[in-house]
Each structure stands twice: as structure tokens, then as C-alpha cells.
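Read the structure below first, then the notes.
The values are calculated or read from the model by the stated rules, or taken from the named source; none is laboratory data. Note that the coordinates shown come from a computational prediction; the quantities given were computed from them, not determined experimentally. A quick note on method: Cβ atoms are made from the backbone with ideal geometry, for glycine too, and the neighbour counts reach across all protein chains shown.
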Amino acid sequence: MRLLLLRLRVLLFKEILQALRDLRLRYLIILPPLMQLVAFGYAANLDLKNIPIAIYDEDNSSISRDIAFAFSSSGYFKFVATITHPDQMAKLIDKGKVKAVLHFGPDLAARVSSGRTALVQVIVAGTNSNTASLVQSYSSQIIERFNRRRLKMRLDQNPALRKIIPAGSQGIVRPEIRVWYNTSLVSRNFYIPGIIAMVIMISSLNLTAMAVVREKELGTMEQIMVSPIRPIEFILGKTIPFALIGILQVALVTTVGVFWFGVPMRGSLILLFFCLLIYLLCFLALGLFISTISRNQQQALVTTFFFTFPIILLSGFIFPIANMPPIIQYITYVNPLRYFLVIIRNIFLKGTGMEILWPQILALFAISFSLMVLAVTRVGKTLD
């Protein structure tokens, strides 16, 4: 037994010492857990605050201003735009600048003054079913509190009304919630396009991350290095097969999403696959870069895992980006998944085109180009 413990102690000491001697392994042991903890700690927040909302006030009365103030002072909503024409509502929602529009009709004050019930319209973007449900709930709560406060003020000013108005009477203002694009608020319609984006990301990243390091392990890298092949040719040879696999996977999962799960496809398939090629280029290049800095496939797999979770976490797929601290929000601007989620959900649910999605496409192209330059440079050094 003593001999067994002695041998085990020697082996444990040897493995720990060997692990700590490897500089890359030391980084993988210490940095990823710390960075992921910080990212999760700041980004993991499901509470919605400062939801961007626009106001369309056709009444311009003191009552409409009081209701608008109730919305802005609640902490849930933040007015970011003022609408003067009905056509502006669709443009703001399609571009993702606002999640809802607060609309006051031209007869709001007149109906309230005459003792009738007035409707306040809240138009909600239903692409994100969770956000839309919360906007509905918050709006109803705010208007209900406004009604109670206004009724209390009337009773305090004229106590005789207590005998006329029942304690549980309805308020003078009621919310009229209208949901666009996903009227039934089916969460599947929101999550399936995002899952498609993640499946393609994980698949292409994992496949490409093993491409160069597999050559090292098989011992064929030396043959490639002495051959007349150029870095760009090596890159194309390693990425084109995986790009074709990615396109095939998208066609497969999109077909299943539309015909099996019933997710609406309202946009252009050509635009979707064009954006997909740019999106694939990002992770093919990132996978190649990981493959060139890894010594073996196990190390490449761990490094891929290190990249995958922050990319998903900081994309807005699970937690709203608007709720993250400002410094974390700035980091999300270099996350390709963030932009592709906007693209694929808009194409699926809204049917929007290039005129709306061009900022996301341009950002995705810039990230793809930068990662590809980095990958080509690294592969060039490897071959040299």
C-alpha cells in the first residue's frame, strides 16, 4: 500500500510539473476560467431595463405627457426617438433601433375629459418573444399605476366622488398591445434562427480548428512546408471543403426549421446565403488561426471551447446586450455572432432586405476580412 502511494505521488508530481512547464497549458489553466467568470458575471442578466422605445403623440396633451413620463420614469423604458408620421414606426422597428412604440391617438384627452375610456396603443416588435412579453407586462403595469394614481387624485380633490365611483372601478386609460412579426409570441420562432447560427458556428469552428494541427500530428506538415504550395492556396484548400459543408448544414437545418418547426421564412434565401458565406468566413478563419497556434488536437479543442462560450454569451442570444455594462457592450462589437443573429432573425421573421441589414453585413465583412488576414499571416509563418 505504501509503495502504491509512493508511486502515485511521484506520478502526480510529474504530471503537475509537466503541466506547469508548458507555457500554453498554464495560460489555458488560468486565463479561460477567469475570463469566462468575468464575462458571465457581467453579461448574465435577464432583467430588462432601459428598453429603447419611440413615442408617437398625436394628442400633445397634458395627459399624454403624464403617461409618457410614467413610462420614462419607470426605469424599464428609455425614449430614443420621436415619431411624427406613421411610416416611421416600421422603419425604426425594422432597423432594431426601438423595441416598441408608444402611440397616443388624437382624441386621448377628449375621451378622458368626457369620462370615457381612452386607449393607449403600444406596438411591440415580436421578433424576441421574451422581450415582447416583458414589454407587454411592463406597459400594462405602468398604465394601471397611472390610472390608480389619477383616480386617487380625483378622489382627494373631490371626496364626494367616493360615493359615486366604486373602489374597484376600471381606469380611464387602457393599453392596446399590438405585436408585430410574431403576433402569437412563439418563442420557437425567435430561438430557432439563433440555434441555426450557433450550430453553423460551432461546426465550422471545430472542423477548421483541427485542420492544420492534424497535419502536424500526422507528420505531413513537413511535406507541405517543402512543397511549392503558397499560403493562400493552403488556406483555400483547408477552408473551401468546410465552407461547402457549412452551406449544406445551413440548407438542412433551415429546411427542418421551416417545414418541421414551422418558423416563418419571409425574406430572401439568396440574401441569407450571401450573409452566411461572410459569416462562415469569420469562423473558418478563426478556426485556422486556432489550428496554427495549437500543438495538438486536444489543445485545439480546449482553445475552441474557450472561444465558443464567450462568443455565444456576448451575442445577445441568451442575455440582452443592452443590459450588459458599457465596456462589455463595446466588446460585443467584434463578435460576428451578434451581427448574424440580427441578420438571420430579420430575414426569417421580418423579411427585411439589404437596405435595412447593410450595417450588420458591413460589420460582418470587416470582421471576416480581419480574421482572414490574421489566419493567412499565421499560416504563412507556419509554412515558412
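From the list I172, I195, I165, the lone residue that is β-branched (V, I, T), at pLDDT 80 or above and either closer than 30 Å to G262 by Cβ or not assigned by TED's automatic domain parsing to the domain that holds R338 (or both) is I195.
Filter segment 324-357 down to residues that are part of a helix (DSSP H, G or I) and polar (S, T, N, Q) and give me whichever is farthest from L271 (Cα to Cα). Quick ask: steps written out before the conclusion?
To start, the set of residues in segment 324-357 that are part of a helix (DSSP H, G or I) comprises 326-334, 336-350, 354-357.
Cutting the leftovers down to polar (S, T, N, Q) gives us 329, 332, 346.
Numbers: Q329: 27, T332: 24, N346: 11 Å.
Per the criteria, the residue is Q329.
Residue count for segment 54-78 under the criterion of being crowded, with 19+ Cβ neighbours inside 10 Å, modelled with pLDDT under 90 and not aromatic (F, W, Y): the result is 5. Of all the criteria given as (1) outside any helix (DSSP H, G or I); (2) crowded, with 21+ Cβ neighbours inside 10 Å, the one not satisfied by I318 is (2).
Residue count for segment 119-133 under the criterion of being crowded, with 19+ Cβ neighbours inside 10 Å and either without any contact (Cβ under 8 Å) to a residue 40 or more places away in the chain or under 16 Å from E176 (Cα atoms) (or both): the result is 7. Determine whether A322 is in contact with a strand residue (DSSP E or B) (Cβ under 8 Å, 6 or more places away or on another chain), more than 20 Å from I196 (Cα to Cα) and assigned by TED's automatic domain parsing to the domain that holds T239. Judged against the criteria, A322 is a match.
A Cβ distance below 6 Å, combined with a sequence gap of six or more or placement on separate chains, defines the contacts here; from segment 142-154, residues that are assigned by TED's automatic domain parsing to the domain that holds Y76 reach residues that are surrounded by 13 or more Cβ atoms within 10 Å (Cβ to Cβ) and part of a helix (DSSP H, G or I) in the pairs I142/A70; I142/F71; F146/I67; F146/A70.
Of all residues being among the aliphatic types (A, V, I, L, M) and within 13 Å of the chain's Cα centre (by Cα) in segment 332-378, which is farthest from R188 (Cα to Cα)? Just the residue, please. Looking at the filtered set, the residue picked out is V334. Checked against the criterion of being surrounded by fewer than 14 Cβ atoms within 10 Å (Cβ to Cβ) and at pLDDT 80 or above, the candidates S113, S137 yield just one match: S137.
Please pick out the residue among F317, F283, F273, F306 that is touching a Gly at 6+ places or on another chain (Cβ under 6 Å), touching a residue at least 24 places away in the same chain (Cβ under 8 Å) and among the aromatic types (F, W, Y).
Working: F283 fails: touching a Gly at 6+ places or on another chain (Cβ under 6 Å); F273 fails: touching a Gly at 6+ places or on another chain (Cβ under 6 Å); F306 fails: touching a Gly at 6+ places or on another chain (Cβ under 6 Å).
The match here is F317.
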